[in-house]
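To keep things clear, I will list the structure first and then write my remarks on it.
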Ligand code: BES
Ligand code: ZN
Ligand code: ZN
């Protein structure tokens, strides 16, 4: 999907309509539009309801007119516009329209935030994963012409770039695990680094062992596909002493290990590297937008499978941070891979704050389903910035308290920590408390995106499968930390 900033008319024209009949950016609808609105009401009972779309053929000009509902004017936000635009894109795909144009006679109705949201949704909504089909398949809608005043074009371009970064993340997640091995993910990241403008270094198995990444090594050891630590660096503020660390869970396949998963739980587990796809996508956006901020991202990629040399429940393993861990469940592998990535980011890359994201626990998924993600933080200011960033992105995040008393569930007489609590309560909190032991005292947010990173259905501008959820939130977090 390409976004072109010009007046040129597409095959179809779109308008956004409130449920009081007002058209966004068209205070006095011209004659054809007024007729279309009348027809839509009378023939199709369309009255600008949120997420409703009505198609009217303008026989005189041979164009298709699409009306998309926005609902209540009082409740109108950037998220309303994203959702409404997603229905437009889907309607265009259903009707096999290849190009559309959106324009506003009076663009004073738009803010930069709205222009960005509109562009994001136009780019995100029509995505499908087609890379593995033997016959190449075209995307339903190819081009959207967006006619905006100069003052809003840069915001819309930022939105288009964010949409493109989300699509990169989706593509990485949707690639099946037989293709998306740790080394393949590293190669794809190198290619993205070249394209978007950030540096990529890949540490191989020997280097991983030499660094003392024993927790990562334990998870990775049963796979014929060796692990890889992918380090991405972007220096947009060379004078600044601050560097944001982004850490993404990169388990390219999670079978559970010897604590083997059951039945239907296997099929979607290629998406257990979605956290890394999110930080990679965020790096693409941050670099392309040339934000004045330093960001270093780390993804410790590996596969959690079984073989005779697999790590076992009861094993006591080390970590780069130095703490010893008794493995209670080999299926709680994500936290083991993340802690070595976090220690590496803090000690070797000298990041000064950290945000990690990953598909860590079923417990997080059960909390809010695919509607939102729980997060924890050790730093009020960083946590508040992250919440703001997510709000800007239209991604729902909910802060969960780090309940100190729950630390007792990770206590172990023969090692410094257990990797999971024996009790099946508070799984998201105990996993967070475990991770916190490896933050080296840095301001930290941890986002458990097990819910929204993988979708069983399209949800507005989010698409089925890998969703790229979190890319835009992390981008906005970096943007809030940038030198103004
Ligand atoms: N990758 C899973 C978490 C997950 C589950 C993500 C479902 C997406 C959908 C993670 O590695 C895992 O297996 N976690 C365990 C932890 C438990 C053993 C403490 C879980 O949540 O069951
Ligand atoms: Zn697992
Ligand atoms: Zn996992």
Here are some conditions: (1) touching a helix residue (DSSP H, G or I) at 6+ places or on another chain (Cβ under 6 Å); (2) away from ligand 1 (no atom under 16 Å from the Cβ). Residue 346 meets all but one. Which one does it not meet? (1)
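Of all the residues that make up the stretch 252-288, how many are surrounded by 22 or more Cβ atoms within 10 Å (Cβ to Cβ), outside any helix (DSSP H, G or I) and either at pLDDT below 95 or more than 12 Å from ligand 2 (Cβ to nearest atom) (or both)? So that I can check it myself, show each step before the final result.
Taking the stretch 252-288 as the starting set, the residues that turn out to be surrounded by 22 or more Cβ atoms within 10 Å (Cβ to Cβ) are 252-255, 257, 270-287.
Now narrow it down to the ones that are outside any helix (DSSP H, G or I): 252-255, 257.
Retained after the next criterion (residues that are either at pLDDT below 95 or more than 12 Å from ligand 2 (Cβ to nearest atom) (or both)): 252.
So the answer is 1.
If we scan the stretch 391-399, do we find a residue that is in contact (Cβ under 8 Å) with a residue 12 or more places away in the chain and assigned to a helix (DSSP H, G or I)?
Here is the first cut: in the stretch 391-399, the residues in contact (Cβ under 8 Å) with a residue 12 or more places away in the chain are 392-399.
Cutting the leftovers down to assigned to a helix (DSSP H, G or I) gives us 392-393.
Yes, that holds for at least one residue.
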Please state which one of 370, 340 is more than 16 Å from ligand 3 (Cβ to nearest atom), buried (at least 18 other Cβ atoms within 10 Å of the Cβ) and not in a strand (DSSP E or B). 370
Anything in the stretch 291-316 that is closer than 21 Å to residue 203 by Cα and touching a helix residue (DSSP H, G or I) at 6+ places or on another chain (Cβ under 6 Å)? List them, or say none. 295, 297, 298, 299, 300, 301, 302, 304
Which residues, counting only those in the stretch 210-231, are surrounded by fewer than 18 Cβ atoms within 10 Å (Cβ to Cβ) and farther than 24 Å from residue 259 by Cβ? 210, 212
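Only one of these is more than 12 Å from ligand 3 (Cβ to nearest atom) and either over 23 Å from residue 164 (Cβ atoms) or free of Cβ contacts under 8 Å to residues at least 12 places away in the same chain (or both): 308, 257, 281, 248. Name it. Let's see the steps before the verdict.
Working: 257 fails: more than 12 Å from ligand 3 (Cβ to nearest atom); 281 fails: either over 23 Å from residue 164 (Cβ atoms) or free of Cβ contacts under 8 Å to residues at least 12 places away in the same chain (or both); 248 fails: either over 23 Å from residue 164 (Cβ atoms) or free of Cβ contacts under 8 Å to residues at least 12 places away in the same chain (or both).
Sole residue among the options that is more than 12 Å from ligand 3 (Cβ to nearest atom) and either over 23 Å from residue 164 (Cβ atoms) or free of Cβ contacts under 8 Å to residues at least 12 places away in the same chain (or both): 308.
Give me the helices (runs of 4 or more DSSP H) completely within the stretch 29-134, filtered to those with at least 1 residues that are under 26 Å from the mean Cα position of the chain (by Cα) and surrounded by fewer than 24 Cβ atoms within 10 Å (Cβ to Cβ), ordered by residue number. Don't jump to the end; show me each part of the working.
Working: elements: 31-44, 78-94, 112-124.
In the stretch 29-134, 78-94, 112-124 are the helices (runs of 4 or more DSSP H) which contain 1 or more residues that are under 26 Å from the mean Cα position of the chain (by Cα) and surrounded by fewer than 24 Cβ atoms within 10 Å (Cβ to Cβ).
Given the condition over 21 Å from residue 435 (Cα atoms), free of Cβ contacts under 8 Å to residues at least 60 places away in the same chain and assigned to a helix (DSSP H, G or I), answer yes or no: does some residue in the stretch 198-205 qualify? Reasoning before the result, please.
Narrowing the stretch 198-205 to residues over 21 Å from residue 435 (Cα atoms): 198-205.
Retained after the next criterion (residues that are free of Cβ contacts under 8 Å to residues at least 60 places away in the same chain): 199-205.
Filter once more, so that each one left must be assigned to a helix (DSSP H, G or I): 205.
Checked against the condition, which is being over 21 Å from residue 435 (Cα atoms), free of Cβ contacts under 8 Å to residues at least 60 places away in the same chain and assigned to a helix (DSSP H, G or I), the stretch 198-205 yields at least one hit.
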Hey, does the stretch 318-334 have a residue that's crowded, with 17+ Cβ neighbours inside 10 Å, within 12 Å of ligand 1 (Cβ to nearest atom) and assigned to a helix (DSSP H, G or I)? yes
Since residue 266 meets every condition but one in (1) within 13 Å of ligand 1 (Cβ to nearest atom); (2) over 21 Å from residue 463 (Cβ atoms); (3) in contact (Cβ under 8 Å) with a residue 40 or more places away in the chain, which condition does it not meet? (3)
Checked against (1) in contact (Cβ under 8 Å) with a residue 40 or more places away in the chain; (2) more than 30 Å from residue 473 (Cβ to Cβ); (3) in contact with a helix residue (DSSP H, G or I) (Cβ under 8 Å, 6 or more places away or on another chain), residue 86 satisfies every condition except (2)
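The values are calculated or read from the model by the stated rules, or taken from the named source; none is laboratory data. What you see is a predicted model, and the numbers here were worked out from it, not measured in a lab. When we count neighbours, we look across all protein chains shown, and the Cβ atoms used for this are built from the backbone with ideal geometry, even at glycine.
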